[in-house]
Amino acid sequence: MTAEPPTPNRTDSPTTDAPVAPPHSLLEDVFALVIGTLMVSFGLALLTASGAVTGGVAGIAILLSYVSDWPFGVWFVLINAPFFLLALLRMGWQFTLKTIVTVVLVSLFSSLHPAMLDLGSIEPVYGVLFGSAVTGVGFIVLFRHRASVGGISILCLFLQDRFGWRAGYVQMGFDAVIVLSSVFVVPLPMLALSVAGAVVMNLVIALNHRPHRYLA
C-alpha cells in the first residue's frame, strides 16, 4: 500500500490567515479509528479472499499468510512492531499511540469479517477493485484524524528526513518490490489484477485526501 501517513506539524491551510480547524475530540477520534480500521480491514479481507496482493506491510503480511499457517492479523502486528519506535521518533507519541491502536484493530477486525461473511466464493475482479477502493476510503478516515496503519510509510518518512530521499518515491520502490515478489506466490493474472487494485486505492486517496480543502 502506497498510502503515506499524515505529516505532523504541517499546516493544513495554504495561507496563514485562513481559518484553523478545531481539533477533533477524543470521542470523534475513537469513532474514526474504529470506522477507519473496519473499512481498511474489510478491504484487505476482500483482497485476501480474492487471492490478491498489495504493497506495504499489509502486502508482506498477506504474502506470508499465503505461505504459512499464521493468519494475516498475526503477521500484520509482528511486522509493524519495529516501526512503532520509528513512529515515536518521527511523528510523536500521540501519532504513535494512534498507530498502535489502528494496527491492533486492523489485526483483530481481519478475523471478524471472514467469520461474519462468506468470502470463499467472491468474484476476484470485484473483490480486488472494490476491496482496494474500500481500503483507500478507510485510509482517508484515519488520515483525517492523524492516524495511519504504520509500516513502511513511516520508514520512508524517516529516510526522507535522514538522507533527503523523497518518501513517495521510496514508498513506490518498496511497494513495487513487494508486489513483484508475489510472482512466486500468485499467478500472473492475479498479479496484474493486484496492480490494478493498487492503482484504484491510490487514486481514491489522491483524489480525496487533500487537507488544504478542509477545515477538519
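Residues in segment 180-195 that are surrounded by 15 or more Cβ atoms within 10 Å (Cβ to Cβ), within 17 Å of residue 46 (Cα to Cα) and either of a type in the set (A, V, I, L, M, F, W, C) or in contact with a His (Cβ under 8 Å, 6 or more places away or on another chain) (or both): 186, 190, 191, 193, 195. Search segment 23-44 for residues that are within 19 Å of residue 122 (Cα to Cα) and pair each with any residue that is β-branched (Val, Ile, Thr) and open to solvent by 20 Å² or more (accessible area, probe 1.4 Å) when their beta-carbon atoms are under 7 Å apart and the residues are at least 6 apart or on different chains. Every condition considered, the pairs that remain are 39/137; 39/141. Against the list (1) at pLDDT 85 or above; (2) open to solvent by less than 10 Å² (accessible area, probe 1.4 Å); (3) small (Gly, Ala, Ser), the condition residue 133 fails is (2).
The values are calculated or read from the model by the stated rules, or taken from the named source; none is laboratory data. Everything numeric in this text was worked out from a predicted model, so none of it was measured. Every residue, glycine as well, gets a Cβ built from its backbone with ideal geometry; the counts of neighbours run over all protein chains shown. Ligands, DNA and RNA are excluded from the accessible area calculation, which covers all protein heavy atoms including side chains. Shrake-Rupley method; radii C 1.70, N 1.55, O 1.52, S 1.80 Å.
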